[in-house]
Structure formats: structure tokens, C-alpha cells
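Scroll down for the structure; my scribbles are underneath it.
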């Protein structure tokens, strides 16, 4: 028992100081140890459960740090069962509880799985929403919905833990393309400095690369966003849609006896 | 002095009145006792007929009359007499009387003849009555015991005639646990019973259990599992009572609204309102209306004022009316004030998280109004009107709103203002066609569902000549079927409070 505990402590320390090699070596060994546990409902089981839970939490953190999202998903699915009501009543609360939950929420946001984000959020009791780990993803989602993108950039600065930055970076590529679409629709043309500020690029070269991808022309430090006015809506008939609708009416009417 | 005299005079006259009232009440009580008892005996007779003839409609009728109208008039005396005179199984007899005696003292009158029925249907019916009575008297532990033993008995039988009784029994069983906050314990039992009901083609039971399981999951906010469960099972549409269908639609609406599918949630909730009875089931209609209001706001539409004015729902919907007003005007400060004031109510209704999402809806509505009113407006003015923090924020928010199609405008960055595009004549676009299409498909849908819901009368294929009696019986039944929608349900009321 105590040998296993020593291994676990080594693993936790390795993850904390970002010693990925050491952590990777210890992880399979610890998982094998967990399989030898027999979980029963009696008092003995509590030590094993806490062991397992700590292992899974730190495995989640480890996978996030080495940017292995699939590994994070796997371990999170396993550790989630320790957070439901049955277990929180018998086990002592874990320190990383809210951190792991917040990480998962941010992960769902960054991969644009909004329905899952909201269903997960429902499972978290309202009192925990005030905790900075949870509040951060919630506010992030609000800013995203509103479109206050500069608030998004500033929220990057006050993350509760540096593990969040991994997901934040993934998010910013998506956010950038969103901002670009907004700019296209809203502005006729934009000066380069403004574009730099809006898209948060560091230099003009990155900006010009981005513009080339999107077919924006750069003229005299101005970026022309819209190429030409779209054709009038009047002259276009959405022919396919009209045909399918009318056909469905005819079919239904024929069915009336 | 005169005051005292007045008071004493009043006391005397009131005490005389009280005595008169007492004797009147006693007489009334006796009359009601005998009438209720006779109606219950009728119901028992109907159930016996079901047992022997294996036709379910008698039982359905008996259940309907008992549960809606007679339920309020139960007393220990009535039930105890009924049990004594009907059952012959003394073991069950004693058990039930024991439950009753814990509520109230029970006297055994010796002049009634002992009962002689030993059909399982009758026994289960009586046990169900006792359970309902215990729930109504708020003695939840006893009710749970009674309900658990009832469920065990039902599951030991395999009779088709027990299906309607079984469905009701599970309903009250789940209700006992819910009132004690112990719903998670029975999840396994409900799931197993649902499997059995599906195997036996017990459609009433299947529908009831499906709804109970969904309710169980939603009670604990397990939307993910509720969604997966409802996607893997099918709701037996055809032969099921409207009350279960209405409940199912409401639960679907709850799940969909959390998952951001607002248009579908809206259509499902509208169907639920339509299937619910018009004049009763206030609690259910209240919950559906609340959720419907929030979903409409989230979709960007403003609910009509007439929904808030319905007479029986008006008081309870008041916070939602204020919320709608705040969103309609686009005033963020007012919106936050309303949320803070009524936070507890919203949390109890489980609409709090949905309301949080309304934050950006308020901003968008505000923007839309500004855009309609001004052809050109400075960004700083927009900031002031919408209570935003700074101009850069406002610029981004407006840009996003333009991209989402909320407003139709262009931002001029150097000048720092927004210019609206001129309005095109709406009739020349596709808007009218879309609106027509929605209405047409809705009408066609209703027509198809009405055709599907038609029923032949049960004996039409027999082509038998009806005797006068049988014909009267049939007319009475059809009348009661028409009454069905009006009588259902106080149950619904209790369930959705």
C-alpha cells in the first residue's frame, strides 16, 4: 500500500513540475495497480477510491499539458463518476475538483460543442458557479455569444490556472475566423492598424498572410473587405425551395380523401 | 358596557349557529359517506367485471371516476368499510387496515357483511386507493411502504387486465419517492419495469413509465442522460391518453431548450399546450407557459401579452411578464434588476440558466430598435443607450450583430458611426412565402394527425344487433369519453406544481 502511495506522490509531483518523461513512465504502472483494486461498499474501499480519483485527476492534467485531447477526454469520463452525489457524500472533496470541471467546460467550448457545454453546466450546482474555475468558462461563453471580442482577449490574462491556456490558444484560432467574418459583413474597408488591433496579430506579415487566405486586397494600408455588392435579392428566385414546397403541398392535398 | 353586551350576544348566537351547523354537517357527512361508499362499490363492481370479461374499458372508466372526483372525499372510515366489505383475503385486509389505523382511529362496525371478492384486480385497486389516500394525508413513509408492496404484487402477476392499474400504481409509487426526495433509488426499478412493459406491449404502462423516467432524470438535471434515453426509446403515440402525451412533449421541450434547439423546443411546447386540458391542470399549463415564454425570448420573438393575461395563470406569470418587458425594451439595467429580484422563483422553476442566456438577446433587441429609429448614429451614443462599457466593445458587438443578421448596417470606423442600409419593401422578398409555408405545413400536419387519431368503435367488426341495454351502455360510454378531457386531471395539477 505504502509503495503505491509513494508512486502516486511521485506522479503528482512530476505532473506539477511538468516532468513529462517521468510522468509518462509512472502512469501505466499506476493504472495497472488500480486494476487490482476491488471496489466494495465498505470502509476499505475509500482509500482505493481516493487513490483512483487522484490518479485520474492528475492524468487529466498531464494529458492537457502535453496537448493530448483524446487522453484528456478518456480520463475525464472516468473521473466524472467520482463527482456525482453518491461519491461526494462519502469521499472528502478533492482540491482539483473544480479545476477539472472547468477544464472540461473550456474544452467543450473550444471544440464548439455548445449543447454539450450547456448540459454539463446544468450538472454543476449553482453555488459552485461563483468559483473562479467555473466562472471563467461561463463568462467566456457569454462574451463569445455577445461578440465582445476584446473582452475575450483580456480574459486570457486572468485564467485561474495555466492549464487553461492550452484550450484558450485553441479557441483563439476559431475566434479569429469569427471576427474576420464579422469584419467582412460590417465594414466596407478598414485601415491596417485597426485590422491589426481587431485580429490581434503581432505583425503586418501575419496580417497580410491572413488577408491572402481570405481574398482581401490591401491597398495603401487599407484593407478592402467587400469585393462587390451582392446582386439584388429581388432578381433571384430560390427556385429549388419553391419547387419543393409546392410539390409537398400538392402531395398532401392529393392525400385528402 | 354596551360593547360587552354586544359581544356576549354575538357569542351566544354564534354558538347556537355552530351547534346547528354541526348537526347539519353531521347529517351531510353521513350522506356523503354513504354516497361515496356506494360509488366506490360501483367502481369495485366495474373492476370485477373487467376481471371476468377481460375488457379494459370498464376498468379505465372506474379508475377515471374514482381518481378525479372521489379522491378528495376519502376518509379512513370509508376506506376501512370498503375494504372490510369487499375483500376476503384477510392477510391483505389486516395489512391495509393497519396502514389506515396509523392515520386515524378505525372502528370496526360489526353489522356489515364480510366481503367475498378475491380477484387480484380488486385487491390491487383497493391497495392503490389506500396509497393515494396516504399520499393525500402527507404520511409519506407509510405511503412508500404501501406503494412498494403494491408494486411487488403487481409485478408478480402477468395479466393484461392489470395494465391500467399498473400504470397508475407506478405513477403514485414514483410520486411517493419524489415527495421524499429519494428518486434516485427507484431509477433501476423504473427502467426494468419499462423494459417489461415494452415486451408485453403494455402501451399505457410504457408511456407512463417513460414519462416517469424522464421526470426522474430531469429532476437531477441529468439532461444528457434524458436526451440519450428519449432518443433510444419511442413513445407509443397511438393509443395513449392525452395526459401522458402532453407530459412527454413537455419533457422533450425541456431537454431541447437546454440543448439550444429553440425552434424545435418551441413547436414541441406548443403541441404540449394544445394537448393539455383547457380548464384544469393549471400547474402543468403554468410550467409549460413559463418555459414557452423563455424559449420565445431566446428565439428573438416577444411572446404575446394575451398569454400573460390568462386568468388562472396571471399571478404566477408576473415575473415572466416583467422579464419580457425588460427584454422588449432592450434595457440591460432593468433586465439585471428583474433577475435579481426574482432569482429564487426562477431557480425553483429551473429556468434560471436559460434566463442567463438572455443577456445577449437584450443587447440585440436594443440594437435592433436603435437601428430602426436612426439612420446614422455614433458608436458612443450606442454605448450610452445600451449601458455598454466602452466604444471598442460596442463596435465588436455591433459587428457581430450585423453578421448574425440582426441589423442591416455598415460601420464607418473613421467617423465612428453606424449607417443603416435603406429598407427594402418586404413584400418583394421571400418573407411572405416563408410565413405562408409555415402556416400551410402546420395545417396539413394537424389534418394528418387527426386522420391518424380516428378510431373505430370497439365492436364494429362484429356487426351484431345491439339490444336496447347495450346501446344505452355504449351511448353512456361515448359521453364519458367526451367528458374525458374535461375531467382530467387533478393528478396533472398535483404533478406539475
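Each of A:216, A:153, B:485 has some number of other Cβ atoms within 10 Å of its Cβ, and from fewest to most they run A:153, B:485, A:216.
If R₀ is 60 angstrom, what is the calculated FRET efficiency for the pair residue B:302 and residue B:94, using the beta carbon separation as r and rounding to 0.05? All intermediate terms of the calculation are to be shown ahead of the outcome.
Values: r = 62 Å, r/R0 = 1.03.
Approximately 0.45, to the nearest 0.05.
Using the empirical formula 2.2 N^0.38 Å as the baseline, the Cα radius of gyration of the range A:1-160 reaches a ratio of 1.12.
Averaged over the residues of peptide A:138-144, the number of Cβ atoms from other protein chains lying within 10 Å of each residue's Cβ is 2.
With N set to the number of residues, divide the alpha-carbon radius of gyration of the range A:111-210 by 2.2 N^0.38 Å and report two decimals. Working shown, then result.
On the way: Rg = 15.6 Å, N = 100, 2.2 N^0.38 = 12.7 Å.
Working it through for the range A:111-210, the quotient is 1.23.
Comparing A:167, A:140, A:51 in a Gaussian network model of chain A, where Cα atoms under 10 Å apart are tied by springs, the biggest mean-square fluctuation is seen for A:51. By the count of other C-beta atoms within 10 Å, a proxy for reagent exposure, B:125, B:251 are ordered fewest to most as B:251, B:125.
Per-residue ellipticity at 222 nm from helix content only, as computed over chain A with -39500 (n - 2.57) for each DSSP H run of at least four residues, stands at -22000 deg cm²/dmol. Once the Cα atoms are used to define both axes, helix A:204-214 deviates from the longest principal axis of chain A by about 70 degrees.
Once the piece of chain linking residue B:232 and residue B:39 is laid out straight, how much longer is it, given 0.36 nm per residue of separation minus the C-alpha distance between them?
Values: separation 193, 0.36 × 193 = 69.48 nm, distance 4.28 nm.
That pair, residue B:232 and residue B:39, stretches by 65.2 nm at full extension.
Relative to one another, the C-alpha centroids of the range B:226-288 and the range B:326-375 are positioned 26 Å apart. Measuring how big the range B:116-272 is from its alpha-carbon positions, Rg and Dmax come out at 16.2, 59 Å. For chain A, the longest principal axis of the alpha carbon atoms and the long axis of helix A:20-35 meet at an angle near 60°.
Put simply, the Cα atoms of the range B:320-453 extend 62, 47, 19 Å along their principal axes, the longest span coming first.
With axes computed from alpha carbons, what is the tilt in degrees of helix A:132-146 against the longest principal axis of chain A, rounded to the nearest 10 within 0 to 90? Tilt of helix A:132-146: around 10 degrees. What would the Debye equation give as log₁₀ I(q)/I(0) for the range B:325-368 at q = 0.16, 0.28 Å⁻¹, counting only Cα atoms as equal point scatterers? Computed log10 I(q)/I(0) values: -0.38, -0.97.
Coordinate-derived values only; no laboratory data. None of these values were measured; they are calculated from a predicted model. Here Cβ is always computed from backbone atoms with ideal geometry, including for glycine, and neighbour counts include all displayed protein chains.
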